[in-house]
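Comments concern the structure below.
The values are calculated or read from the model by the stated rules, or taken from the named source; none is laboratory data. Quantities reported herein were computed from a predicted structural model and do not represent experimental measurements. Every residue, glycine among them, receives a Cβ derived from its backbone with ideal geometry; neighbour counts consider all protein chains shown.
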Amino acid sequence: MNVSSKTTAPDRGRAATIALACAGVFVAYLPVTTVAVSLPAVQEALGASTAQLSWVSDAFVLPVAALILTAGVFGDVHGRRRVYQVGLALCAAGALVSLCAGSVQVLWAGQALAGAGAAALLPVTLALISQAVPYPRERGKYIGWWTTCMMAAMVVGPLVAGVVVRHTDWRWIFLLPVPASLVTMAVAARLLPESRAAGGRRLDWPGQISAAVAITALVYGVIEGGADSFTAPRALAALAVAVVSGWVFVVVERRSAAPMLDLSLFRSPAFTASTLVALVSFLGLIGFFFVLSLYLGLVQQLDTWQAGIRMVLVNVVSMFMGVAMGRVMQRVPARALITAGLLVTAGALLSLTTLDADTSYASLAWRLALLGLGLGIAFPCITSTAVSAVPGRRAGMAAAGNNAFRQVGGALGPAVLGALLTTRAMDTLPGRLADAGVTGDAARTVVGTAEADGLGAVTGLDLGPRTARALGAASEAFLDGLYLCLSVSAALLVLAAGAAAFLLRPRPDRTVTDAPAGHATPAGADGPETRRVPAPRPAADGSRQRP
């Protein structure tokens, strides 16, 4: 077996373990779209710039990306139930801090705490599923459920935020994670058995520190470069630190006797492909939610509830697809599903490049539903492929590594797309103002306000009879930036689809497994006691020789 447990759970305990794993990922992902759809309200209440709004999202995602590998090791060494409980406690604490936020800096702190909690929950919940369901073919169904619960949290978030912001103060959007975390902690204390990984894993502090520095410096450099200039000293220094720290991480992990992320995992084409696709997909997804929220609030002038109803379509479709994919993955190769899902997603993003200020709900709805369809096809397969691409005893490390790269993509999403959006919009704003007949001092006022405080601040200007024309020009400039973001995201997804199609090709290996009869393990998805051997080679006389 790939794990050893102090308490061997009976069959009825397996259901509780899987249910609590799904509940944990639901709590972890509640803040993602809850905050994303509320960004216009946050900007208005706290006077935040576009760069500061990027950090509202990234303050959550950065700790996830930086700490998720270490959290996986902590679970393996000190007990998964213990780390699970700590993660829930941090989620509750982060929500409480955000609930009391009187400034954008306090909101960043609350988001960071919640992100640290999510970092603890994500690898542990997948490891719990791997522990309860050791066979990859069967495990795929439950990973589909896990993905469905993740998307369900992203469905609930916008709806809660819409109701809260419409009827009360925006800070109350952070209330729901508190009772959700505490109730789940209480249930887990009674029903979740403790478990640890076999093999004597230990903490890898040099790897952890270098990874955290590299990720933080990279995202900081991208955000600062987009807000100011990529040739600015702070941006250059941050990117240089990211490169050096990344190199140190690779050196440390290659020499470590107990690496946090064994780089030999990347010898598996399936693991490499799923990790690359996860990074690119989340870069596009989280970045897309960021720019779409701004579009709905700043261009279409919708309130949080109206914006939430539109954004939730993506996750509703993805959630229902996640339920179906658990069975589909047992019949259709992951290569076909991931490639098709990514291409559908890219097509949906390109279809959104015709949006304008007057796009109707019906016209937007089918495009968002198509986007959710593509994501719902690809996401469960990506996670299942990463976990099943390596021997079962390394499934926890593979899951944590895949999630880490996914969260790096999620952290870079608002940073990269926010930078592209701001740069493109500011480049075209003077021309859009001139086309609208806003020139002279009025144009300089609009441009200066947008440069200092973001395009959202333009809505507060009073330019007399030219106010409406100035707002229209600002909306057009925003759309220029939005179109660029959508085109770049679509191009990245097409590249990821190509990588999946190439790297997930059937290989000539055959898989030998010691799994019991009745639990066939498919090629490319190693079971708990699986080893890979090369296929027999033909001898000179054409006969087959055993390896």
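A few points about this structure:
- For the range 121-159, the set of residues classified as over 23 Å from residue 173 (Cβ atoms) and small (Gly, Ala, Ser) consists of 127, 130, 132, 140, 144, listed by residue number.
- Residue count for the range 6-46 under the criterion of being surrounded by fewer than 17 Cβ atoms within 10 Å (Cβ to Cβ) and modelled with pLDDT under 80: the result is 7.
- Filtered residue count, the range 270-297, keeping only those that are of a type outside the set (Gly, Ala, Ser), over 12 Å from residue 162 (Cβ atoms) and modelled with pLDDT of 80 or more: 12
- Filter pass, residue 234 being out of contact with any His (no Cβ under 8 Å at 6 or more places or on another chain) and more than 24 Å from residue 314 (Cβ to Cβ): yes
- Residue ID - surrounded by the fewest Cβ atoms within 10 Å (Cβ to Cβ), chosen from residues in the range 264-289 that are in a helix (DSSP H, G or I) and over 22 Å from the mean Cα position of the chain (by Cα): 267
- Condition check for residue 66: within 19 Å of the chain's Cα centre (by Cα), part of a helix (DSSP H, G or I) and surrounded by fewer than 24 Cβ atoms within 10 Å (Cβ to Cβ): no
- Considering the range 325-339, and only residues there that are in contact (Cβ under 8 Å) with a residue 60 or more places away in the chain and assigned to a helix (DSSP H, G or I), the residue that is nearest to residue 375 (Cα to Cα) turns out to be 338.
- Unique residue being surrounded by fewer than 23 Cβ atoms within 10 Å (Cβ to Cβ) and under 22 Å from residue 477 (Cβ atoms) when the list is 292, 313, 302, 343: 302
- Every condition in (1) buried (at least 20 other Cβ atoms within 10 Å of the Cβ); (2) modelled with pLDDT of 90 or more is met by residue 366 except one, and the failing one is (1).
- Residue match in the range 96-103 (condition: part of a helix (DSSP H, G or I) and buried (at least 24 other Cβ atoms within 10 Å of the Cβ)): yes
- Failed condition for residue 88, given (1) of a type outside the set (Asp, Glu); (2) touching a Gly at 6+ places or on another chain (Cβ under 7 Å); (3) surrounded by fewer than 21 Cβ atoms within 10 Å (Cβ to Cβ); (4) under 28 Å from residue 258 (Cβ atoms): (3)
- Boolean, residue 51 is in a helix (DSSP H, G or I), modelled with pLDDT of 85 or more and not polar (S, T, N, Q): no
- Qualifying residue in the range 154-176 (condition: under 30 Å from residue 331 (Cα atoms) and either within 23 Å of the chain's Cα centre (by Cα) or not β-branched (Val, Ile, Thr) (or both)): yes
- Flag for residue 251 being at pLDDT 90 or above, touching a helix residue (DSSP H, G or I) at 6+ places or on another chain (Cβ under 8 Å) and surrounded by fewer than 18 Cβ atoms within 10 Å (Cβ to Cβ): no
- Inclusion of residue 464 among residues that are closer than 26 Å to residue 303 by Cα and at pLDDT 85 or above is not warranted.
- In the range 230-255, the residues that are farther than 14 Å from residue 208 by Cα form Cβ pairs under 9 Å with partners that are acidic (Asp, Glu), at six or more places apart or across chains, as follows: 230/224; 232/224; 234/224; 234/228; 235/224; 235/228; 238/224.
- Verdict on residue 456 being at pLDDT 85 or above, of a type outside the set (S, T, N, Q) and part of a helix (DSSP H, G or I): no
- Residues satisfying the stated conditions in the range 236-261, i.e. outside any helix (DSSP H, G or I) and over 22 Å from the mean Cα position of the chain (by Cα): 256, 257, 258, 259
- Conditions (1) over 25 Å from residue 53 (Cα atoms); (2) touching a helix residue (DSSP H, G or I) at 6+ places or on another chain (Cβ under 6 Å); (3) modelled with pLDDT under 90; (4) part of a helix (DSSP H, G or I): number failed by residue 390: (4)
- Looking only at the range 468-487, and only at residues there that are over 24 Å from residue 42 (Cβ atoms) and at pLDDT below 90, the one that is surrounded by the fewest Cβ atoms within 10 Å (Cβ to Cβ): 468
- Flag for residue 374 being modelled with pLDDT of 85 or more, closer than 27 Å to residue 115 by Cα and in contact with a Leu (Cβ under 9 Å, 6 or more places away or on another chain): yes
Yes/no per residue for (1) among the small types (Gly, Ala, Ser); (2) part of a helix (DSSP H, G or I); (3) crowded, with 22+ Cβ neighbours inside 10 Å:
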residue: 154; (1), (2), (3): no, yes, yes
residue: 158; (1), (2), (3): no, yes, yes
residue: 165; (1), (2), (3): no, yes, yes
residue: 183; (1), (2), (3): no, yes, no
residue: 212; (1), (2), (3): yes, yes, no
residue: 230; (1), (2), (3): no, no, no
